[in-house]
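For reference, the structure is listed below as structure tokens.
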Amino acid sequence: MRQMLALAALFLSPIVLPAQTTISPDPPHREWHAAWVTHPTAPLRDPVVLHFRRALELDAIPSSYPVRVSADNRFVLYVNGQRVGDGPARGDVTHWRYELFDLSPYLKSGRNLISATVWNFGVFAPIAQMSDRTAFLLESETTGTDSISTPKGWEVAIEPGQHPLDRTSVNMQTYFASGPGEEIDASRYDWNWNDPSDSGSVWLPVATPSPDNIYPVNQAHSASVTGDNPWGLVPDRLPHMAYSPTPAGEVVRIDNPGEEQARKSRFPGEPLRLPANVHLHILLDRKTLTTAYPSLTVSGGKGSHIWITYSEALYDKNRQKGDRNDVGDRQALGLRDSFLPDGGSHRTFSPLWWRTWRYLDLDVTTGAEPLTLDSLTANFTAYPFEERATFAAASPAADSTLTADLDTIWEISWRTARLDAHETYMDTPYYEQLQYIGDTRIQALISYSVAGDDRLARQALDAFNDSRIPEGLTRSRYPSSLPQTIPTFSLLWIGMLHDWWMYRPDPTPIHEALPGIRSVLGWFEQYEQPDGLLHEVPWWSFIDWVQDKQEIPTYSKSGESCMTTLEYLGALNDAADLEKALGDPVAADRDGARAAHVRSGLYSKCWNPSHRLLADNPDQAIFSQQANILAVLYDVIPKDQQQAILKKLIAIEPGTTPDGVMSASYYFRFYLARGLEHAGLADEYLKSLAPWREILPLHFSTWPETPGETRSDSHAWSAHPIYDLLTLVAGIEPGSPGFASVRIAPHLGDLPGLKASYPHPQGMIQVDYRRNGDSLDATITLPGSLAGTFAYAGKSWPLKAGANTIHAQ
């Protein structure tokens, strides 16, 4: 009973984690003295949950106790029952990450229990999870009798009561690449596994994860050396993911409420007692989407079954979403977890991997005993970005709602960017959790501009470089156990490298990626035709989602595409810049010459003088916003015609096809914003936000993937307005590579003024604009030694470090 009460206190008390001390990051290569371990008899590539533990006797608490920890697939590390952290951050097997923790804040004098849960979901694992076999590794910096490095002294046990669910458990059958639901059967779960007094027979000495070898092969090794096991270890350069309390939701509907509606509606603030032999749904709403670890604690209720459904939005009888605030008789559909109480007190269900939800549905069927829902809590997790940039605009008289809408757009964009950033960027935290190049390019720019943090972007650049295949291309998404190749995304990777070169002061990622840039362009060169256009390439050349099930790109009867050639042209331009600055001048000249030839071919084969638009292929029967946006951005269309074309295109709404011109999605309107700036039309940018303003009445808390009845409600590629407001409207952009200087060129549209702040590598840039008739008063403060220029109404002024006051007419 004392053990149960202690466990209940642990589950029900607020989680307060000791602060982690700052530990210097490891170099890429180090000598290891620990070994990989696993269970002696468990299947190593099938779904399994394992617990590992080791005792540590200490005469006194050390000032620091660093450990390096990894596992295949995942681990959660504990000291004396307290959660220390999890990992490892995802990578591929030849770049297998390990995490660095200081255990000192969790230790006590005397006996300590160091433990970990390690799991491998096998064929049910998320596609982003790469793997070889189930194993665990811990190395302590402390040596001798106080060392806890594996394998010495470690024990392992199989957890029989927790396992992944197959896809039939998801009550909305659609494309899911993210992880599975989980089930805890409380009658089989070992509730005492983390109790230091547990001495049951299930604990066994750890064993090698390579039992098929006749000599030891489990010694850990860095990725830079040849080892006898598959895990090439590299340090995780990212900070630990956030882990902090967040509301699980408030009850908005209870089916079959009976006589106790008021009391039931107070859950989860108060326990809820349910009688025997009832079936009901309890629907909770957080008001905004989150990514978090839910924890449901119950008592009694032997024979009960609880399904927990996590949903971005509710669905009507036709499986349509509509207003995200509308509850009515709508249902939560999607990923589900299962919990089978055993009648014990304070049994807690918590999945091993975090969940994504706005709405959470508890589908409860009680058996012959009453069931008490003690509590439902959650702990938010994501990359620990800090929102450092600010943007506050004054409303114009002609549109009094604009300022409020911009504030909401900013808030939703930042929430979307945060929830789509964990140990990798993710296209969506609900359906896929995959790091795609097209999405990640935009996400990285948001990270630089709003958070001033480039660590997650550096991880992504390295991952895509590591993903390159023998043909020379990158994979379209990485890490990914299911290979996918989108050649056009390899071109966008070059653009992402160019972005880094402009925004961040460290050129190392560019130097490391130059061979990859050359291999990507070399692969495309073999498909370049004598006229400069690309012939159809293998795999999937995704450009953008469009309406009516049409696809971009399209191809002519001869197999050529203007659309893919435009992205090729952009990559040639970017590569020429990078080669000239940091690589081979001969390669820079070659890329520049190829770009000129491709540009000429595009205009001669794809420009349609009667439509005054660039066609999507040389047959000139299909036209799109996408092709003409890039044709402006890369000067295929002559400068004197660019503004007229963009003014015609800007009014096209996503999901429509006026005059046969296919519209750009929310994603591709990122490039529309770049085109407006390039053509001198950035003052029209605020008008281009109409598609985002028009869906605000539907009460999205994150941005959808596509217009209309979208699959995903949380796609970071739609969050770029937060970046555009800073770079186009407030006008703060790099003036030279590495953000060594700044160029500030505001485009206020109809705004009478605004204030903004921007995190530069040297500190915060502050701007304050006030219109006075046709003039603009600007106060600009630059950090450190940063200098640059201010541009407005065709004139420019020098900017110096510190305060600058400009009266522009």
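I want to confirm something. Restricting to region 507-519 and keeping residues that are in a helix (DSSP H, G or I) and under 25 Å from the mean Cα position of the chain (by Cα), which single residue is surrounded by the fewest Cβ atoms within 10 Å (Cβ to Cβ)? Write out each step before concluding.
Here is the first cut: in region 507-519, the ones in a helix (DSSP H, G or I) are 508-519.
Retained after the next criterion (residues that are under 25 Å from the mean Cα position of the chain (by Cα)): 508-510, 512-513, 516-517.
Working: THR508: 11, PRO509: 20, ILE510: 21, GLU512: 13, ALA513: 25, GLY516: 22, ILE517: 24.
Looking at the filtered set, the residue picked out is THR508.
Out of all the residues in region 791-807, is one or more buried (at least 21 other Cβ atoms within 10 Å of the Cβ), more than 30 Å from ILE543 (Cα to Cα), touching a residue at least 12 places away in the same chain (Cβ under 8 Å) and not hydrophobic (A, V, I, L, M, F, W, C)? Give the derivation first.
Restricting attention to region 791-807, the residues satisfying the condition of being buried (at least 21 other Cβ atoms within 10 Å of the Cβ) are 799.
Then drop every residue that is not more than 30 Å from ILE543 (Cα to Cα), which leaves 799.
Then keep just the ones that are touching a residue at least 12 places away in the same chain (Cβ under 8 Å); that gives 799.
Then drop every residue that is not not hydrophobic (A, V, I, L, M, F, W, C), which leaves none.
No: region 791-807 contains no residue that is buried (at least 21 other Cβ atoms within 10 Å of the Cβ), more than 30 Å from ILE543 (Cα to Cα), touching a residue at least 12 places away in the same chain (Cβ under 8 Å) and not hydrophobic (A, V, I, L, M, F, W, C).
Keeping to region 558-591, report how many residues are surrounded by fewer than 17 Cβ atoms within 10 Å (Cβ to Cβ) and either over 31 Å from the mean Cα position of the chain (by Cα) or in a loop (DSSP other than H, G, I, E, B) (or both).
Residues that pass the stated criteria total 7.
Taking the conditions exactly as written (surrounded by fewer than 17 Cβ atoms within 10 Å (Cβ to Cβ) and of a type in the set (Val, Ile, Thr)), does THR365 satisfy them or not?
Numbers: surrounded by fewer than 17 Cβ atoms within 10 Å (Cβ to Cβ): yes; of a type in the set (Val, Ile, Thr): yes.
Taking the combined requirement at face value, the residue satisfies it.
Got a sec? Which of LEU289, LEU340, LEU272 is out of contact with any helix residue (DSSP H, G or I) (no Cβ under 7 Å at 6 or more places or on another chain) and in contact (Cβ under 8 Å) with a residue 12 or more places away in the chain?
The match here is LEU340.
Between a first residue in region 527-543 that is within 14 Å of LEU473 (Cβ to Cβ) and a second residue that is in a loop (DSSP other than H, G, I, E, B) and among the hydrophobic types (A, V, I, L, M, F, W, C), which pairs have beta carbons less than 7 Å apart while being 6 or more apart in sequence or on different chains?
Qualifying pairs under 7 Å: TYR527/VAL537; TRP539/ILE486; TRP540/ILE486; SER541/ILE486; PHE542/ILE486.
So, of the residues in region 624-667 that are hydroxyl-bearing (Ser, Thr, Tyr) and out of contact with any helix residue (DSSP H, G or I) (no Cβ under 9 Å at 6 or more places or on another chain), which turns out to be surrounded by the fewest Cβ atoms within 10 Å (Cβ to Cβ)?
Going residue by residue through region 624-667, those that are hydroxyl-bearing (Ser, Thr, Tyr) are 624, 634, 656-657, 663, 665-667.
Narrowing further to those that are out of contact with any helix residue (DSSP H, G or I) (no Cβ under 9 Å at 6 or more places or on another chain): 656-657.
Numbers: THR656: 13, THR657: 16.
Top of the filtered list is THR656.
Of everything in region 331-351, what is open to solvent by less than 30 Å² (accessible area, probe 1.4 Å) and more than 26 Å from GLY161 (Cβ to Cβ)? Give them in sequence order.
LEU333
Suppose we filter region 658-671 for residues that are of a type outside the set (Gly, Ala, Ser) and within 19 Å of ILE695 (Cα to Cα); how many remain?
Narrowing region 658-671 to residues of a type outside the set (Gly, Ala, Ser): 658-659, 661-662, 666-671.
Filter once more, keeping what is within 19 Å of ILE695 (Cα to Cα): 666-670.
Selection size over region 658-671: 5.
Could you please give the count of residues in region 201-210 that are open to solvent by 30 Å² or more (accessible area, probe 1.4 Å), part of a loop (DSSP other than H, G, I, E, B) and touching a residue at least 12 places away in the same chain (Cβ under 8 Å)?
Total satisfying the criteria: 2.
Go through (1) at pLDDT below 95; (2) surrounded by fewer than 17 Cβ atoms within 10 Å (Cβ to Cβ); (3) in contact with a helix residue (DSSP H, G or I) (Cβ under 9 Å, 6 or more places away or on another chain) one by one and return the number of the condition PRO707 breaks.
That leaves (2) as the condition not met.
May I ask you to list the residues in region 739-760 that are in a strand (DSSP E or B) and either among the acidic types (Asp, Glu) or under 28 Å from the mean Cα position of the chain (by Cα) (or both)?
Of everything in region 739-760, those that are in a strand (DSSP E or B) and either among the acidic types (Asp, Glu) or under 28 Å from the mean Cα position of the chain (by Cα) (or both) turn out to be ALA756, SER757, TYR758, PRO759, HIS760.
Out of all the residues in region 685-707, is one or more outside any loop (DSSP other than H, G, I, E, B), touching a Gly at 6+ places or on another chain (Cβ under 6 Å) and not small (Gly, Ala, Ser)?
Of all residues in region 685-707, those outside any loop (DSSP other than H, G, I, E, B) come to 685-694, 696-698.
Filter once more, so that each one left must be touching a Gly at 6+ places or on another chain (Cβ under 6 Å): 686.
Restricting the remaining residues to those that are not small (Gly, Ala, Ser) gives 686.
Yes: one or more hits.
Among what's in region 610-640 and is in a strand (DSSP E or B) and among the hydrophobic types (A, V, I, L, M, F, W, C), pick the residue that is farthest from GLU551 (Cα to Cα). Before the answer, list the steps.
Step one: filter region 610-640 for residues in a strand (DSSP E or B), giving 613-615, 623-624.
Narrowing further to those that are among the hydrophobic types (A, V, I, L, M, F, W, C): 613-615, 623.
Details: LEU613: 19, LEU614: 17, ALA615: 14, PHE623: 12 Å.
Applying the filter and picking the extreme gives LEU613.
Hey, could you check region 76-109 for residues that are hydrophobic (A, V, I, L, M, F, W, C) and within 21 Å of MET426 (Cα to Cα) and say which is nearest to the chain's Cα centre (by Cα)?
So in region 76-109, the residues hydrophobic (A, V, I, L, M, F, W, C) come out as 76-77, 79, 84, 89, 93, 96, 100-101, 103, 107.
Then keep just the ones that are within 21 Å of MET426 (Cα to Cα); that gives 89, 93, 96.
On the way: ALA89: 13, VAL93: 21, TRP96: 19 Å.
Among residues in region 76-109 that are hydrophobic (A, V, I, L, M, F, W, C) and within 21 Å of MET426 (Cα to Cα), the one nearest to the chain's Cα centre (by Cα) is ALA89.
Just for strands (runs of 3 or more DSSP E) wholly inside region 99-168: which have at least 2 residues that are open to solvent by less than 10 Å² (accessible area, probe 1.4 Å)? Spell out how you get there, then give the answer.
Details: elements: 110-120, 135-140, 155-158, 162-164.
In region 99-168, the matching strands (runs of 3 or more DSSP E) lie at 110-120, 135-140, 155-158.
Which is modelled with pLDDT of 95 or more, on the phi > 0 side of the Ramachandran plot and out of contact with any helix residue (DSSP H, G or I) (no Cβ under 7 Å at 6 or more places or on another chain), of GLY784, GLY773, GLY794?
Values: GLY773 fails: modelled with pLDDT of 95 or more; GLY794 fails: modelled with pLDDT of 95 or more.
None of the other options fit; the residue is GLY784.
The values are calculated or read from the model by the stated rules, or taken from the named source; none is laboratory data. This is a predicted model, so every value here is computed, not measured. Here Cβ is always computed from backbone atoms with ideal geometry, including for glycine, and neighbour counts include all displayed protein chains. We work out accessible area using only protein heavy atoms, side chains counted, and drop any ligands, DNA or RNA first. Shrake-Rupley method; radii C 1.70, N 1.55, O 1.52, S 1.80 Å.
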